[in-house]
Amino acid sequence: MENAEVGQVATPRQGVVRMDCHAHVFTRACRLAPDRRYTPAYEAPLASYLAVLDRHDMSHGALVQPSFLGTDNGYLLDCLGRAPDRLRGVVVVAPEVSDRELDAMAAAGVVGIRLNLIGLEDPAEVARHYDRVLLRKIAARGWHVEIHATGAVFAAALDRALSSDAQVVVDHFGRPDSHAGAENPGFRALLSLAGNPLLWVKLSGPYRFARDPGPFAAALFEAFGGERLLWGSDWPWTQHEAGHDYGACLRWLEGWVPDQEQRRRVLGANAAQLYRLAES
């Protein structure tokens with residue numbers, strides 16, 4: 001990983017959107033959350049991420065707050081300030097976050113909050129994380145709520161988030177039980193909601209699957225018709241770094257979506273709509 005930051009950033013080609021909708025950035029100077037499940041042994045600074053985007057002709061990126069930084073979004077917000085025309089942010093906030101803080105984040109380029117509920121086992125606990133007052137604030141700002149959860153907790157979080165009238169983004173295919181295949185009840189339940197215009201799904205993190213994610217991607221395209229599907233690299237693949245590179249992630253997308261126009265829609269028009277980007 002590259003350790004140095006830079007003051008200048010590249011400018012994307014005018015009007016062309018090719019967006020990576022899921023990546024993480026952090027340095028050793030970032031303050032780690034005391035209750036973190038994982039501590040990275042390396043840095044993934046903004047300069048490195050922008051260089052990766054440049055090498056692969058990607059115009060934009062969405063920075064998602066990593067779980068090990070908790071609610072300290074300082075570095076993410078600083079990165080948005082370095083490349084405001086190129087980056088959007090998804091933050092982690094406490095339920096009691098103030099309107100003033102949310103407005104400042106919006107001005108910086110934040111467009112959503114993330115609820116990372118991995119490790120939570122009791123669906124009844126979802127209500128504590130998804131404070132209805134906060135969800136109303138998110139919906140009122142036109143932000144989205146991003147869900148990273150599994151099993152019954154995922155189902156409870158999805159139901160609660162959709163009831164808020166906010167846009168809802170499902171991380172990593174919905175983290176289905178890949179051992180059970182694309183016909184498993186949890187994944188079929190997600191597909192059954194494809195007609196809800198508030199629901200989006202990220203095609204990301206396929207290395208978390210125990211089997212080929214291709215059938216899951218095909219089922220999502222059949223249900224969603226190519227609408228409201230996004231692609232994310234999940235760079236730098238925290239806890240799964242070995243054997244992965246950005247080009248391979250893009251090749252996965254080519255395998256899942258053989259049609260070039262469909263891929264262009266996922267990387268371009270879909271991303272531009274959710275993340276509020278101008279596309280020619």
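Output the residue which, of all residues in the range 19-41 that are without any contact (Cβ under 8 Å) to a residue 60 or more places away in the chain and not hydrophobic (A, V, I, L, M, F, W, C), is nearest to residue 239 (Cα to Cα).
Checked the range 19-41; the qualifying residue nearest to residue 239 (Cα to Cα) is 39.
Need a quick list: helices (runs of 4 or more DSSP H) entirely within the range 176-280 having at least 2 residues that are within 18 Å of residue 144 (Cβ to Cβ).
Result: 214-224, 271-275.
Which residues, counting only those in the range 142-161, are buried (at least 18 other Cβ atoms within 10 Å of the Cβ) and assigned to a loop (DSSP other than H, G, I, E, B)?
143, 149, 150
If residue 183 passes every condition in (1) in contact with a strand residue (DSSP E or B) (Cβ under 7 Å, 6 or more places away or on another chain); (2) at pLDDT below 90 but one, which one does it miss?
Going through (1) in contact with a strand residue (DSSP E or B) (Cβ under 7 Å, 6 or more places away or on another chain); (2) at pLDDT below 90 one by one, residue 183 breaks only (1).
Check residue 173 against each of (1) of a type in the set (Phe, Trp, Tyr); (2) without any contact (Cβ under 8 Å) to a residue 60 or more places away in the chain; (3) outside any helix (DSSP H, G or I) and name the one condition it does not meet.
Going through the list (1) of a type in the set (Phe, Trp, Tyr); (2) without any contact (Cβ under 8 Å) to a residue 60 or more places away in the chain; (3) outside any helix (DSSP H, G or I), residue 173 breaks only (3).
From the list 4, 10, pick out the single residue that is surrounded by fewer than 22 Cβ atoms within 10 Å (Cβ to Cβ), of a type in the set (A, V, I, L, M, F, W, C), closer than 19 Å to residue 250 by Cβ and modelled with pLDDT under 90.
Among 4, 10, only 10 is surrounded by fewer than 22 Cβ atoms within 10 Å (Cβ to Cβ), of a type in the set (A, V, I, L, M, F, W, C), closer than 19 Å to residue 250 by Cβ and modelled with pLDDT under 90.
Every residue in the range 121-140 that is closer than 12 Å to residue 95 by Cα and part of a loop (DSSP other than H, G, I, E, B), please.
Result: 130, 131.
Does the range 108-155 hold any residues that are small (Gly, Ala, Ser) and within 20 Å of residue 272 (Cβ to Cβ), and which are they?
Matches in the range 108-155: 108, 109, 112, 142.
Considering only residues that are among the polar types (S, T, N, Q), surrounded by fewer than 18 Cβ atoms within 10 Å (Cβ to Cβ) and under 17 Å from the mean Cα position of the chain (by Cα), which ones fall in the range 237-271?
Within the range 237-271, 238, 239 meet the criteria.
Run down 205, 255, 243, 226 and say which single residue is at pLDDT below 90 and either among the small types (Gly, Ala, Ser) or within 25 Å of residue 135 (Cβ to Cβ) (or both).
The match here is 243.
Name the pairs whose Cβ atoms lie under 8 Å apart, with the first residue in the range 204-228 and closer than 13 Å to residue 176 by Cβ, the second of a type in the set (Val, Ile, Thr) and surrounded by 17 or more Cβ atoms within 10 Å (Cβ to Cβ), and 6 or more positions between them or separate chains?
217/257; 220/201
The values are calculated or read from the model by the stated rules, or taken from the named source; none is laboratory data. What you are looking at is a predicted structure, and each value in this text was computed from that prediction instead of being measured. Quick reminder, even Gly has a Cβ in these numbers, built from the backbone with ideal geometry, and neighbours come from all protein chains shown.
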